[in-house]
Each structure stands twice: as structure tokens, then as C-alpha cells.
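Working notes, beginning with the structure itself.
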Amino acid sequence: MVKKIITYSRKKLALLDVHTIEVLRKSSSSMVVKVLGMIVGVFVSIFVGRSLGPDGLGIINLSNRIVSLLLVFTMLGMKQVLVKQIAIGYRRKDFQLVSDSIYTSSIINGFIALVLTILGLVMAPFLAHKVFHAPDLEIPLTVALIVMLPQTFSRVFGAALNGFRKIWQSNLVNETLSTWVVGILLASFFLFDLEIDVVKIAVIYAVGRIVVTSTMIIYWKRIFHFKGKRNWIAKPMLKMSLPMLLVSSTALIAANADTIMLGWLGSTREVGLYNVAARIALLVSFFLQISNSAISPKLAALFAENRKKEIEKMVKSVTSGLIIIATVSLIAFIFLGNFLLGLWGGEFEEAYWVLVILGIGQFFNISTGCAGLLLIMCGFEGIHSRISLIFVILNLILNYFFITILGALGAAIATAVTVSGENIVKLIIAKQKVGVSTIPLV
């Protein structure tokens, strides 16, 4: 049986074009790092869910999402600019440009993060008691806000590592290491039979983020040894970053609006139930993220040479695999949903229909492949931004009305509708503008 599977896989690989094979090869290291982080993250979430229940898990998730949204504004769209600037400097051996970019970004983003941290700390009691009606949220939110400044520096140096072509290292430190640290600390609490509560969990997450920042800075200093004078280049960097703020903010608002609005219009218990279902549903989306990160430079290069047939062959090959993954995942959610949710505790099985509906949304997200990326890399980023902005606004409107009526289930419906609609529209527009369809049958 194993030999048959290997033989079949080899035959399928032999049919792939050279560009698709390169995508698979380049994405393998990042995929391993992300898979390991994902596995640890699931175990951490299960431990917290079983220890604190839906209410406690909801408080932790809500505080983390609020800070995630604020981090969009602390970065000010600078992440993409840093990757671009440092990649150019690295390729040209212009280490002065690399040094200037890091220096300027650290000051700008660090200052914004400091201001937002102070404002957040002042507003934390009001947000907890008056906006989210959850007094227990105040201390975890305060702890999360305190480490927002280190998280900002983590993103600055993470972008620098990307520009230095340290892709899997950046993924390890920026996305996975914090989860591992949290997992180790929680395992210690379990082994030594220590009492766990919401505040201790919040502190553990904060420690994980401080470790990430420290590791990131130490690693950067090991690989970058430039000692020259650093120059202030804020004007050109801000000119590039401010337009990117719209792109990054729409994506992050779309990712966090459901949880934050559910905390505002619903309860922290519903946030806990919803986020477990969302975590499970989103597990499969990392395949799309990995393939997109590997395929993006190929798209730009091939489109510049007007090699549309090769682009279409490559993206359809990738999407075929993604459709299989999306289909299997949706079937698993339908038939094994209660079992999967039960891993967090019996109370979480209430979120079965939330999981199924979010799974349908992710099916469309993954099955349409890299339609959005195709627009961006082929020079239609303006159209992509407008589509994203329209659907973010629609997401907020639908979340408000559906959450008011149906609670967590309403958030799932609003999210699934907007995710599906946005990706279908991008698929159609990509076909019209680029002349390439990402799905095999069109």
C-alpha cells in the first residue's frame, strides 16, 4: 500500500510544471515551521480551554485580538516597506540602506507603539467595564497592552529577516516561538500541579512575547554586523508605508472584527466558543498562506514576461491540491465537528454549527486559490484594495446585525458570507483583468 502511494505521488509530481515544483520546494521549510507551531498552538488552546472554560478562553482571546488590531496601527504599513527596502539592500550589498531602514522604522513604530500603549492602559478599565461588560477582562488586557511595544519590535526585525531571505527563521521566531514558550510554561504548570487562572495565562503569553522580541534582536545582531552611521530616512519610507496601511488594516480588521464585535455585542463566553470553532476552521488556511508566499515572486516575474499560459498552469496545479484539502476538511468538520470541539471540553460542542458555517467560508477561501494575490502581483493592487475595503465594511455591517440576533452563530454567518463573496469576486476580476483563472474548471 505504501509503495503504491509513493508511486502514485511520483507520477503526479512528474506531471507538474517546473514553476509548481519550485513552489512546493520553496514552501516546504516554512510549512514545517508553521505546522509545528500550529500543533503546539492547538494544544495550548485545548489546555487553556479545559482549564478556564469558554469564559476564560474568551477573555484571553479578546484581549489578544484587541492588541492585534492596535499592532496594525503601530506598524503603520511599514512591514512591507521594510521587506522591500532590506531585500533591495541585501541584493545590492547596500548595508547602509538596511541599517537606515531598521533605524528609522524602529523609532517611528516604537514611538507610535508607546503612545498607543499609554492610551490603551488609560482606556483599559473603560473598555473592560463599559464596552465589553467584562470586569475580568481589565487585568489580562492591561498585561497584553504592556507587551505591545516589544511585539512591535518583533515585527520590525521579523520583516528585516524576511528581507535578508531568512524566511523560515522569520516564521519560526515571529509566528512559532511565542507559542512554544507558552506551551512549555503551561506544561510546567501542569507537571507541578500549579493553580492556573486568567491572569496567570495572560502573564504567560506576555513572557512568550518578550522572549520572541529578545530572540529576534539577538539573532539579527548575529547576522547583521554593519557599524556605520545610521541615517534618518522617514520621508521616503512613510511615503511608501502609508498606502500600505489601508491594505494591512483591512486584512487585520477583517480577521479580528468578528471576535471583537462578539465581545462587544455578546459575551466573553460566546467569544470563547466562537474562537475555538474559528481556530479549527482556519487550520487548513495555512496551506493557502504557504503556497501564496512561495508563488508570489513567480507570478510577478512571469506576468512581466507576458507568460500567462505558464501562470495559469502553475496556479491551477496549486489550486487543485488546495481544493482537495478544502473538501476533505469540510467533510471532517461536518462529521467529526463535535468530536473536535469536545477536545476543548464538553461545553465547546455548542459551537458545532459555528464550525460548520466557518468551514464553508474557508472552503471558498481556499478553493479559489491565489486570486487575490494574482491581482496584487500583476499590477492591480488598487482594485484588490478596493474590493477588500468594500468587503470589510460589509463584514462590519453584517457582523453587527447577525451578532445582535444570533450571537456567535451570527458572527460565523457574517464571516462566511463575506469571506466567500470576497474571494469569488476576486476570482472573477482576476480572470477579467489578468486573463488567468485560478480554478481548474474555468
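The values are calculated or read from the model by the stated rules, or taken from the named source; none is laboratory data. What you see is a predicted model; the values in this text were computed from it and never measured. Positions of Cβ are generated from backbone atoms using ideal geometry, with glycine treated the same way; all protein chains shown enter the neighbour counts.
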- Query: Looking at (1) more than 28 Å from Val42 (Cα to Cα); (2) among the hydrophobic types (A, V, I, L, M, F, W, C); (3) without any contact (Cβ under 8 Å) to a residue 40 or more places away in the chain; (4) surrounded by fewer than 19 Cβ atoms within 10 Å (Cβ to Cβ), can you tell me which one Leu406 breaks?
  - Reply: (1)
- In region 290-311, is there at least one residue being in contact with a helix residue (DSSP H, G or I) (Cβ under 7 Å, 6 or more places away or on another chain), part of a helix (DSSP H, G or I), among the aliphatic types (A, V, I, L, M) and surrounded by fewer than 19 Cβ atoms within 10 Å (Cβ to Cβ)? yes
- Message: Give all pairs with beta carbons closer than 6 Å in which a residue from region 283-306 that is among the β-branched types (Val, Ile, Thr) meets a residue that is part of a helix (DSSP H, G or I) and at pLDDT 70 or above; count only pairs at least 6 apart in sequence or on separate chains.
- Response: Val284/Ile325; Val284/Ser329
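When region 322-344 is examined, which residues are found to be of a type in the set (A, V, I, L, M) and under 15 Å from Val42 (Cα atoms)?
Those that are of a type in the set (A, V, I, L, M) and under 15 Å from Val42 (Cα atoms): Leu340, Leu341, Leu343.
Condition check ((1) surrounded by fewer than 19 Cβ atoms within 10 Å (Cβ to Cβ); (2) in a helix (DSSP H, G or I); (3) at pLDDT below 85) across all residues:
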| position | (1), (2), (3) |
| --- | --- |
| Phe153 | no, yes, no |
| Val156 | no, yes, no |
| Leu172 | no, yes, yes |
| Ile184 | yes, yes, no |
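Taking the condition β-branched (Val, Ile, Thr) and surrounded by fewer than 21 Cβ atoms within 10 Å (Cβ to Cβ), does Val284 pass?
No; evaluated as a whole, the condition is false for this residue.
Of the residues that make up region 302-323, is at least one of a type in the set (Asp, Glu), over 15 Å from Gly372 (Cβ atoms) and at pLDDT 85 or above? Lay out the reasoning, then the answer.
Taking region 302-323 and keeping what is of a type in the set (Asp, Glu), we get 305, 310, 312.
Going one step further and asking which of them are over 15 Å from Gly372 (Cβ atoms), we end up with 305, 310, 312.
Now narrow it down to the ones that are at pLDDT 85 or above: 310, 312.
The answer is yes, given that some residue of region 302-323 is of a type in the set (Asp, Glu), over 15 Å from Gly372 (Cβ atoms) and at pLDDT 85 or above.
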- Query: Here is a list of conditions, (1) in contact (Cβ under 8 Å) with a residue 60 or more places away in the chain; (2) surrounded by 16 or more Cβ atoms within 10 Å (Cβ to Cβ); (3) in a helix (DSSP H, G or I); (4) of a type in the set (A, V, I, L, M), and Ile439 meets all of them except one; can you say which number that is?
  - Reply: (3)
- Message: For the list (1) under 20 Å from the mean Cα position of the chain (by Cα); (2) of a type outside the set (Val, Ile, Thr); (3) within 30 Å of Ser63 (Cα to Cα), I need the number of the one condition that Ala294 fails.
- Response: (3)
- Task: Looking only at region 207-245, count how many residues are in a helix (DSSP H, G or I), of a type in the set (Lys, Arg) and surrounded by 12 or more Cβ atoms within 10 Å (Cβ to Cβ).
- Result: 1
- Message: Considering only region 249-268, I want to know if a residue exists there that is of a type in the set (Asp, Glu), farther than 29 Å from Thr152 by Cβ and in contact (Cβ under 8 Å) with a residue 12 or more places away in the chain.
- Response: no
- Message: If a residue counts only when it is at pLDDT 90 or above and among the hydrophobic types (A, V, I, L, M, F, W, C), which helices (runs of 4 or more DSSP H) contained entirely in region 1-98 have at least 1 such residues?
- Response: 18-75
- Does region 321-361 hold any residues that are surrounded by fewer than 18 Cβ atoms within 10 Å (Cβ to Cβ), polar (S, T, N, Q) and within 27 Å of Ser291 (Cα to Cα), and which are they? Thr327
